[in-house]
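All of the numbers you see were taken from the coordinates with simple rules; none came from a lab. The structure displayed is predicted, hence computed values, not measured ones. Neighbour counts run over all protein chains shown; Cβ positions are idealised from the backbone, glycine included.
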Amino acid sequence: MKILNYTLISLLAASLLSCKKEGKTIATDKDSVIAKKDSVVVPEIYKEYYGIYTGDFAGKEMNKYEDGEEYEDYVNKKLSLKINRITKDSVYGQSIVNGNQRPFRGIFNESTRSFVLDEPGNDKTDGRFEVKLNGDSITGKWNAFNKSAVKSPLKTIKLSKRDFVYNPNFMLNKDSDLVDWSNPKDFVEKYTNEDTGKTESYTTSKNRVASEAIFTLNASKQKLTEKELKNLRKLDLEIIKNSVFARHGYSFKKETYRYFFEQTDWYIPVSNNVDKELSPMEKENVALLNRFIKYAEDKYDSFGR
């Protein structure tokens with residue numbers, strides 16, 4: 001009888017073990033099916049439309065004079081749209097303007113060759129692009145989600161497809177405007193009144209101006225020396241330094257630098273962080289320029305505009 005009991009117990013244990021193994025096998029197969037489903041690669045389409053489209057981002061803004069009176073101003077900024085991926089259901093990429101890089105997601109309508117692209121919506125500058133492809137050009141409009149949070153809630157878009165290429169030889173054009181119009185500074189001037197003979201004072205606004213040095217010093221091609229930098233104006237040093245970042249496609253937040261580099265036909269903003277792209281020599285030059293910028297002075301002149 002004992003032998004029989006042991007035999008029954010052994011058979012029962014083997015049966016339970018088999019059930020556990022089978023259960024485990026079934027669960028594993030189920031997990032495998034789910035994993036395969038999750039890892040399905042959605043095919044990409046229209047890869048010929050991938051790339052960078054850059055150009056005008058223009059709209060009307062309401063501004064105020066010093067006395068508080070409002071006036072309407074037409075502002076044209078530089079926008080880059082990077083289309084990174086297109087599938088049957090979605091389009092993915094980034095918008096870059098004024099140093100602000102925002103992801104977008106949307107849809108592509110094959111019959112009208114048009115995109116509807118939405119930025120996330122968690123930033124006051126986010127909005128919707130409604131644009132259309134025409135060859136290598138994109139045209140359309142952008143509407144802010146929060147119209148009261150931005151000066152220009154509606155902008156028109158006119159972009160052309162450009163291939164970004166880093167070239168250490170890129171320089172500002174020799175006919176570039178060298179005045180920093182965005183940061184005027186007030187100065188107190190004195191003059192002698194010819195009628196009364198008294199010395200009087202008045203306040204005048206002046207702007208920084210760069211020198212011809214920005215056309216000769218290239219921090220991407222030559223190792224700069226202290227001798228070359230010691231007598232330069234602060235604006236000269238800033239432009240020479242930021243030319244390095246402009247060549248790598250950095251999108252500047254500061255209006256001063258955007259103005260100088262947008263005068264060229266080679267500047268294409270593609271990223272708000274290009275630090276890893278700099279060569280060892282460029283990094284050394286930037287560090288040296290930063291030292292001189294800290295103590296340099298500017299030259300201010302009076303200009304009409």
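Brief remarks follow.
- Put simply, the amide H of Ser271, placed in the peptide plane, has neighbours under 5 Å in Ser251, leaving out anything fewer than 5 places away on its chain.
- Computed over the range 47-162: relative contact order in percent, which uses C-alpha pairs under 8 Å that are six or more apart: 25 percent
- Ordering Thr199, Ser148, Ser176 by Cα displacement along the dipole of the chain toward the positive end leaves Ser148 in first place; charges were set at the Cβ atoms of Lys, Arg (+1) and Asp, Glu (-1).
- Extension gain (nm, one decimal) between Asp136 and Ala58, 0.36 nm per residue minus Cα-Cα: 26.1 nm
- Among the listed options (1) 0.95; (2) 0.98; (3) 1.27, the one matching Rg/Rh (Cα atoms, Kirkwood Rh) as calculated from these coordinates is (3).
- Within the listed set Val270, Val150, Val188, the residue fluctuating most in the Gaussian network model of the chain (springs between alpha-carbon atoms under 10 angstrom) is Val188.
- Note on Asn290 and Thr156: the model spin-label points, each 7 Å out from Cα along the C-beta direction, lie 4.3 nm apart.
- Listed residues Asp275, Asp175, Asp163, most fluctuating in the chain (Gaussian network, C-alpha, under 10 Å): Asp175
- Burial ordering of Met62, Met171, fewest other beta-carbon atoms within 10 Å first: Met62, Met171
- Solvent-free Debye scattering, log10 I(q)/I(0), computed from the Cα coordinates of the range 38-97 at q = 0.12, 0.17, 0.20, 0.24 Å⁻¹: -0.51, -0.71, -0.82, -0.96
- Using alpha-carbon coordinates, inclination of helix 2-38 to the longest axis of the chain, degrees: 30 degrees
- Prolate/oblate/rounded call for the range 135-239, Cα gyration tensor, a/c under 1.5 rounded: oblate
- Integer Hz, Karplus 6.51/-1.76/1.60 couplings in order for the range 166-171, x for Gly and Pro: 7, 9, x, 8, 4, 9
- A Förster distance of 41 Å, applied to the separation of the beta-carbon atoms of Tyr65 and Asn231, puts the FRET efficiency at 0.60.
- Note, ³J(HN,Hα) from phi for the range 104-115, Karplus 6.51, -1.76, 1.60, rounded to Hz, x at Gly and Pro: 9, 9, x, 9, 10, 9, 5, 5, 9, 6, 10, 10
- Listed residues Asn98, Ile83, Tyr65: farthest to the positive end of the dipole of the range 54-107 (Cβ charges): Ile83
- The range 66-111: translational diffusion in µm²/s, Stokes-Einstein, Kirkwood Rh over Cα pairs, 4 °C, 1.567 mPa s: 97 µm²/s
- Fraction of alpha-carbon pairs over 23 Å apart in the range 47-162 - percent: 28 percent
- Cα→Cβ-extended label distance, 7 Å offset, between Asn146 and Lys254, nm: 2.7 nm
- Helix axis angle, 234-247 relative to the chain longest principal axis, alpha carbon, degrees: 30 degrees
- Summarising the amide proton neighbourhood of Phe303: residues at separation of 5 or more, or on other chains, whose placed amide H is nearer than 5 Å comprise Asn207.
- Its DSSP H runs of at least 4 residues, each contributing -39,500 (n - 2.57), put the calculated 222 nm mean residue ellipticity of the chain at -8500 deg cm²/dmol, to the nearest 500.
- Gain upon complete extension [Lys124, Lys223; 0.36 nm per residue less C-alpha separation]: 31.4 nm
- Taking Trp142, Trp266, Trp181 and counting other C-beta atoms within 10 Å, the order from fewest to most: Trp181, Trp266, Trp142
- Cα gyration tensor shape of the range 179-301, rounded if a/c is under 1.5, else prolate or oblate by comparing a/b with b/c: prolate
- Shown in residue order for the range 151-158 are the 3J(HN,Hα) couplings computed by the Karplus curve 6.51 cos²θ - 1.76 cosθ + 1.60 at θ = phi - 60°: 5, 10, x, 10, 10, 9, 10, 9 Hz (x for Gly and Pro).
- Taking Cα atoms only, the orientation of helix 280-295 departs from the longest principal axis of the chain by about 40 degrees.
- On full extension, the segment bounded by Arg105 and Val41 gains 21.3 nm, given 0.36 nm per residue less the C-alpha separation.
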